[in-house]
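Undergrad: Here it is, the structure, as structure tokens.
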Amino acid sequence: MEKKRQPYLGNPQETIAVLNKYQFTFQKKFGQNFLIDTHVLDKIISAAGITEDDFVLEIGPGIGTMTQYLASAAREVCAVEIDKSLIPILEDTLKEYDNVTVINEDILKVDIGKLAEEKNQGRPIKVVANLPYYITTPIIMGLFESHVPVESITVMVQKEVADRMQVGPGTKEYGALSLAVQYYAKPYIVANVPPNCFMPRPKVGSAVIRLTRHDQPPVQVKDEKLLFSIIRASFNQRRKTLANGLKNYEGFHFTKEEIEAAIAQCGFSPSIRGEALSLKEFAMLADVLAS
Ligand code: SAM
């Protein structure tokens, strides 16, 4: 088998050379902070567990730094980039890799299920990215909720968001995102990454997190949609009790009495707050309210 090309991007000098060659100007609105640290790149590739059998979806390739690493490790890579001024740069930096396709599109508009079907015969894909932080939650929830076949998601996110994905009840970071992520996947924080590993430097700390999708969610509920509405309602007004949060939530048709009875039936205190409940307890409440 032909030996694959080794990545050459990933350090400040090469990145600056590419940016200067194309007179590229960073667009803040696209969350552009390019990686310039080869150790971090190696860590991401190893945490994602990429093998020569894998089809990888990369979100936001930028100038193609991580794409080179992914292309060296995987069977095939598809990279979706919204910024059309990066497309000629990617054509240049990825010209020696024949297993990469670049799509100039907004990732939130891409039919990832169709992509997995076409490129990976519908088998679960791996998603790897240094995410644009402004759309972290819609990207991750979109991947889970659309039920596209995804085996794992290994991404760079804002550190605070990685913490939120990983924590349990009783912490101030715990919320709807923690529960949603943990319903679908097992989170693992791989590394914290300081701002000096990026160009330009972001104002916040970052972390690499791997989300490994569960074969089966850890709780089984009668109505998944109701479970997520309850979770959203409970954290919508964080300072309110669970009962008040649910009562005030638009879109619920439950009466005050029904909500109080359901909370009592679960054995929770009437003054309990949503932030004290585990996923299992939310599931119990959803099933009581469903019946
Ligand atoms: N992967 C590169 C790296 O690590 O150096 C760049 C990462 S940068 C944090 C995020 C990238 O996502 C940028 O290239 C940006 O243009 C792109 N991007 C932003 N919004 C996007 C969207 N909605 N769909 C696809 N790509 C997007």
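The values are calculated or read from the model by the stated rules, or taken from the named source; none is laboratory data. From a predicted model like this one, the values you see are computed outputs, not experimental measurements. Note that each Cβ is placed from the backbone with ideal geometry, even for glycine, and that neighbours are counted across all protein chains shown. Please note that ligands, DNA and RNA were not included when accessible areas were found on the heavy atoms of the full protein model with its side chains. Shrake-Rupley method; radii C 1.70, N 1.55, O 1.52, S 1.80 Å.
Undergrad: For every helix of n ≥ 4 consecutive DSSP H residues, a contribution of -39,500 (n - 2.57) applies; sum these over the chain, divide by its total residues, and give [θ] at 222 nm rounded to the nearest 500 deg cm²/dmol.
TA: Per the formula, -11500 deg cm²/dmol.
Undergrad: For a quick check: with amide H placed at 1.01 Å from N, whose amide H comes under 5 Å from residue 185's, ignoring anything fewer than 5 positions away on the same chain?
TA: Hits under the 5 Å cutoff: 214.
Undergrad: Can you pull out the trypsin sites (Lys or Arg not before Pro) in segment 27-65 that DSSP calls coil and that have at most 13 other Cβ atoms within 10 Å?
TA: none
Undergrad: May I ask you to evaluate 6.51 cos²θ - 1.76 cosθ + 1.60, the Karplus curve with θ = phi - 60°, for each residue of segment 100-114 and list the ³J(HN,Hα) values in order in whole Hz, giving x for glycine and proline?
TA: Karplus-based 3J(HN,Hα) across segment 100-114 equals 10, 10, 10, 10, 8, 7, 7, 4, 5, 9, 7, 7, 6, x, 5 Hz.
Undergrad: I want the local charge near residue 48. Using Cβ-Cβ distances under 14 Å, sum +1 for each Lys or Arg and -1 for each Asp or Glu among the other residues.
TA: That sum, taken over residues with Cβ under 14 Å, equals -1.
Undergrad: Then there's this: In the chain, what percent of the accessible surface is made up of carbon and sulfur (1.4 Å probe, ligands and nucleic acids excluded)?
TA: The nonpolar share, carbon plus sulfur, comes to 50 percent.
Undergrad: If each residue of separation counts as 0.36 nm, what is the full-extension length gain between residue 5 and residue 220 once their alpha-carbon separation is subtracted?
TA: Going from the current span to full extension adds 72.8 nm.
Undergrad: Can you compute 3J(HN,Hα) from phi for each residue in segment 76-90, using the Karplus curve 6.51 cos²θ - 1.76 cosθ + 1.60 with θ = phi - 60°, rounded to whole Hz and x for Gly and Pro?
TA: 8, 10, 10, 10, 10, 10, 7, 7, 5, 6, 8, 4, x, 5, 5
Undergrad: Let me ask another. Mind pulling the angle between the C-alpha long axis of helix 224-236 and the longest principal axis of the chain? Nearest 10 degrees, somewhere in 0 to 90.
TA: Result, in degrees: 90.
Undergrad: Right, here's the next one. Return one whole number: the accessible area per residue of segment 174-291 in Å², for a 1.4 Å probe.
TA: About 51 Å² of surface per residue is accessible.
Undergrad: How much accessible surface does residue 52 have with a 1.4 Å probe, in Å² rounded to 10?
TA: 100 Å²
Undergrad: Please give the residues of segment 76-107, grouped as numeric ranges, whose backbone N is less than 13 Å from a label point set 7 Å along the Cα-to-Cβ vector of residue 14.
TA: Flagged as within label range: 93-97.
Undergrad: With θ taken as phi - 60° and the coefficients 6.51, -1.76 and 1.60, list the Karplus ³J(HN,Hα) couplings across segment 274-283 in order, rounded to whole Hz; mark glycine and proline as x.
TA: 3J(HN,Hα) across segment 274-283, in whole Hz: x, 5, 8, 8, 7, 4, 4, 6, 4, 5.
Undergrad: For residue 206, which sequence-distant residues (separation of 5 or more, or a different chain) have an amide H within less than 5 Å of its own amide H, given hydrogens modelled in the peptide plane?
TA: When sequence neighbours closer than 5 places are left aside, the close amide H contacts are 159, 193.
Undergrad: Hey, another quick one. Work out the count of Lys pairs in segment 166-291 where the Cα-Cα distance is under 30 Å, with the pair 8 or more places apart or on different chains.
TA: Close lysine pairs found across segment 166-291: 26.
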